[in-house]
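First comes the structure, then the notes that go with it.
Every number here is computed from the coordinates shown, using simple stated rules; none is lab data. Keep in mind it's a predicted model, so treat the numbers as computed, not measured. Cβ: placed from backbone, ideal geometry, glycine included. Neighbour counts: every protein chain shown.
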Amino acid sequence: MIADKYIYAKLTANAGVSALIATRVYPIVIPQNAAFPAIAYSAIYTPGDHNKTQAATKDNCEFTIRSWAATYDAAAALDKAVRAALDYVDDGGEGETAGGVTVEVCEWLSSKDGMEEGASDANGSNYFFRESAYFIRERL
């Protein structure tokens, strides 16, 4: 259950993402008074090996990444940069390592748009987000 280290390393090292948010990539929730745009991520882990007669060698992870910004277009642009940074690691190869974590598969699953009422910038405008789901299989 270490795919979060991979996600953080990939996003903060990617020129397209870091040009938009620097290193404002946070687990679960964006801290109060943090600058926007920013990213929050969370994960659901499941066993990658369902054989209960030996120690697991991999985990599956469904990651949710919320790209937050003051405008709809800025949230969409940030999500596009995130997708370019993460999608697509192929199961047929050796995988890819970032943040000390080797990932065999990383693929985009879906996205949805939203707006958070009550969470606003200094001018009182609501923040927009694009929430994207990714599937990751990591080696332990």
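For this structure, a couple of remarks:
- Working note: Karplus 6.51/-1.76/1.60 with θ = phi - 60° gives the stretch 25-42 the couplings 10, 10, x, 6, 9, 7, x, 4, 6, 6, 6, 10, x, 7, 10, 10, 9, 8 Hz, where Gly and Pro are set to x.
- The peptide list 26-35, 96-105, put in order of mean Cβ contacts within 10 Å with the highest first, becomes 96-105, 26-35.
- Full-stretch length increase - Leu109, Ala35 - with 0.36 nm per residue and alpha-carbon distance subtracted: 23.9 nm
- Pairwise inverse Cα distances across the chain, averaged and inverted, put the Kirkwood hydrodynamic radius at 15.5 Å.
- Amide hydrogen proximity for Leu140: with H placed 1.01 Å from N in the peptide plane, the residues at 5 or more positions away or on another chain lying under 5 Å are Lys58, Asp59.
- Working note: 222 nm ellipticity from helices only, DSSP H runs with n ≥ 4, each -39,500 (n - 2.57), summed and divided by the residues of the chain, gives -7000 deg cm²/dmol to the nearest 500.
- Positive-end residue of Ala76, Ser18, Pro31, charge dipole of the chain with Cβ unit charges: Pro31
- The DSSP beta bridges internal to the chain are antiparallel in roughly 95% of cases.
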